[in-house]
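Visitor: Mind looking over this structure? Questions follow.
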Amino acid sequence: MQRNYQPAILEKKWQKIWEETGIYRQYTRKKKFYVLDMFPYPSGAGLHVGHPRGYIATDIIARFKQLQGYGVLHPMGWDAFGLPAEQYALKNKLHPSVSVKKNILTFKKQLAKIGFTYDWEREINTTDPEYYRWTQWIFLQMYKKGLAYESFDPINWCPSCKTGLANEDLEQGKCERCGSVVEKKPMRQWVLAMTQYADRLLRDLDRPELEWNESIKDQQRNWIGRSEGVEIIFPIAGTESKIRVFTTRVDTIFGCTYVVVAPEHPLINELATNITNIQDVRGYVKRAASKSDLERTELAKEK
């Protein structure tokens, strides 16, 4: 056994050999297998422990499939657009293009040291015009088909970062980046008419070649959220306004005694002069604006 084992020297040697020989670029094999990781945000000075935690698991799968004779495509890239990269650039007083490029170099060196089976010839950067021209092309195809349209809908809004946030970017109703209380704010935005192709999405989940765990498929079905029912139009007494309601149980409609509207529903402002406790209602609307969707749908709360 070698007594003076020097991993820093040996690892560099073999990393160089792996790259020069293209050991992870075996695409001539007949059997193909695709392994895709979530691309990291290049918004920090380097990797954190959560990165290799997930990447090691997928790397095990990639190596196992290579040993089974598959030509494995295992790419890596950088999710460089958006709030994380912007916030890092502002914090360090750098232009985003400079900070992103600098961070990518660091991330790439660290990933190479770990020895993942990535084919760096397939590297992707979402800020590369040659990449996002295709995301723009996809959007244009959906727009031409009437599947992309402008709408005015409430979003999670961080007043400090001055940007919209996904539900995953919230921590107990606060922005995970700056800690500010997030509010619901109506914004003009582009949305996709997913309901027009929801049936196709659901059908494709049952395709035999989609070898997903059933729990993952259930998550996708719940996310698609398709329900069968009817829309009913109720006239509002004493006004010329009407409200459209969707229900999956039209057979119970004769027992309907009232209709609940969301705090951000435009009818609240439209009928403000008809609401006797409008100040209480506006106070509730303001409180609701700072709650996440999960908090607003919590059932174990005082009525």
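Visitor: List the residue pairs whose Cβ atoms are under 7 Å apart, where the first residue sits in the range 16-36 and is surrounded by 12 or more Cβ atoms within 10 Å (Cβ to Cβ), the second is among the acidic types (Asp, Glu), and the two are 6 or more positions apart or on different chains.
Guide: Once the first residue is surrounded by 12 or more Cβ atoms within 10 Å (Cβ to Cβ) and sits in the range 16-36, its partners that are among the acidic types (Asp, Glu) give 24/119; 25/119; 25/121.
Visitor: Looking at the range 130-153, can you tell me whether even one residue there is of a type in the set (Phe, Trp, Tyr) and modelled with pLDDT under 90?
Guide: Checked against the condition, which is being of a type in the set (Phe, Trp, Tyr) and modelled with pLDDT under 90, the range 130-153 yields at least one hit.
Visitor: May I ask you to say which residue of 285, 281, 260 is at pLDDT below 90, β-branched (Val, Ile, Thr) and either outside any loop (DSSP other than H, G, I, E, B) or under 19 Å from residue 170 (Cα atoms) (or both)?
Guide: Numbers: 281 fails: at pLDDT below 90; 260 fails: either outside any loop (DSSP other than H, G, I, E, B) or under 19 Å from residue 170 (Cα atoms) (or both).
Matching residue, one of 285, 281, 260: 285.
Visitor: Only one residue in 113, 93 is without any contact (Cβ under 8 Å) to a residue 24 or more places away in the chain and either in contact with a His (Cβ under 6 Å, 6 or more places away or on another chain) or not small (Gly, Ala, Ser) (or both), so which one is that?
Guide: Values: 113 fails: without any contact (Cβ under 8 Å) to a residue 24 or more places away in the chain.
Being without any contact (Cβ under 8 Å) to a residue 24 or more places away in the chain and either in contact with a His (Cβ under 6 Å, 6 or more places away or on another chain) or not small (Gly, Ala, Ser) (or both) holds for just one of 113, 93, which is 93.
Visitor: Name the residues in the range 160-173 that are in contact with a strand residue (DSSP E or B) (Cβ under 8 Å, 6 or more places away or on another chain), modelled with pLDDT under 85 and not in a strand (DSSP E or B), would you?
Guide: 161, 166, 167, 169, 173
Visitor: Would you point out which residue out of 137, 157 is in a helix (DSSP H, G or I) and closer than 22 Å to residue 79 by Cβ? Spell out how you get there, then give the answer.
Guide: Values: 157 fails: in a helix (DSSP H, G or I).
On inspection, the qualifying residue turns out to be 137.
Visitor: Name every residue in the range 116-151 that is of a type outside the set (Phe, Trp, Tyr), loosely packed, with under 13 Cβ neighbours inside 10 Å and free of Cβ contacts under 8 Å to residues at least 12 places away in the same chain, in order of residue number.
Guide: Correct list: 129, 130, 133, 135, 136, 138, 140, 141, 144, 145.
Visitor: Something else: State yes or no: is residue 101 over 27 Å from residue 209 (Cα atoms), out of contact with any helix residue (DSSP H, G or I) (no Cβ under 6 Å at 6 or more places or on another chain) and either of a type in the set (S, T, N, Q) or at pLDDT 85 or above (or both)? Lay out the reasoning, then the answer.
Guide: Working: over 27 Å from residue 209 (Cα atoms): yes; out of contact with any helix residue (DSSP H, G or I) (no Cβ under 6 Å at 6 or more places or on another chain): yes; either of a type in the set (S, T, N, Q) or at pLDDT 85 or above (or both): yes.
Yes; evaluated as a whole, the condition is true for this residue.
Visitor: Keeping to the range 75-127, report how many residues are closer than 28 Å to residue 170 by Cα, charged (D, E, K, R) and part of a loop (DSSP other than H, G, I, E, B).
Guide: Looking only at that region, the number is 2.
Visitor: Ok, one more. Just to verify a result, which residue in the range 172-222, among those that are of a type in the set (Lys, Arg) and free of Cβ contacts under 8 Å to residues at least 60 places away in the same chain, is nearest to residue 159 (Cα to Cα)?
Guide: Out of the qualifying residues, it is 174.
Visitor: It is to be established whether one or more residues within the range 209-231 are in a helix (DSSP H, G or I) and either basic (Lys, Arg) or in contact with a strand residue (DSSP E or B) (Cβ under 6 Å, 6 or more places away or on another chain) (or both).
Guide: Yes, the range 209-231 contains at least one residue that is in a helix (DSSP H, G or I) and either basic (Lys, Arg) or in contact with a strand residue (DSSP E or B) (Cβ under 6 Å, 6 or more places away or on another chain) (or both).
Visitor: Would you point out the residue of the range 91-114, among those that are in contact with a Pro (Cβ under 9 Å, 6 or more places away or on another chain) and of a type in the set (D, E, K, R), that is surrounded by the most Cβ atoms within 10 Å (Cβ to Cβ)?
Guide: So, considering only residues that are in contact with a Pro (Cβ under 9 Å, 6 or more places away or on another chain) and of a type in the set (D, E, K, R), the one surrounded by the most Cβ atoms within 10 Å (Cβ to Cβ) is 101.
Visitor: Considering only residues that are within 16 Å of residue 85 (Cβ to Cβ) and not in a helix (DSSP H, G or I), which ones fall in the range 14-59?
Guide: Here is the first cut: in the range 14-59, the ones within 16 Å of residue 85 (Cβ to Cβ) are 38-48, 51.
Hits for the range 14-59 are 38, 39, 40, 41, 42, 43, 44, 45, 46, 47, 48.
The values are calculated or read from the model by the stated rules, or taken from the named source; none is laboratory data. Note that this is a predicted model, so its numbers are computed, not measured. Note: ideal-geometry Cβ built from the backbone for every residue, glycine included; neighbour counts use all protein chains shown.
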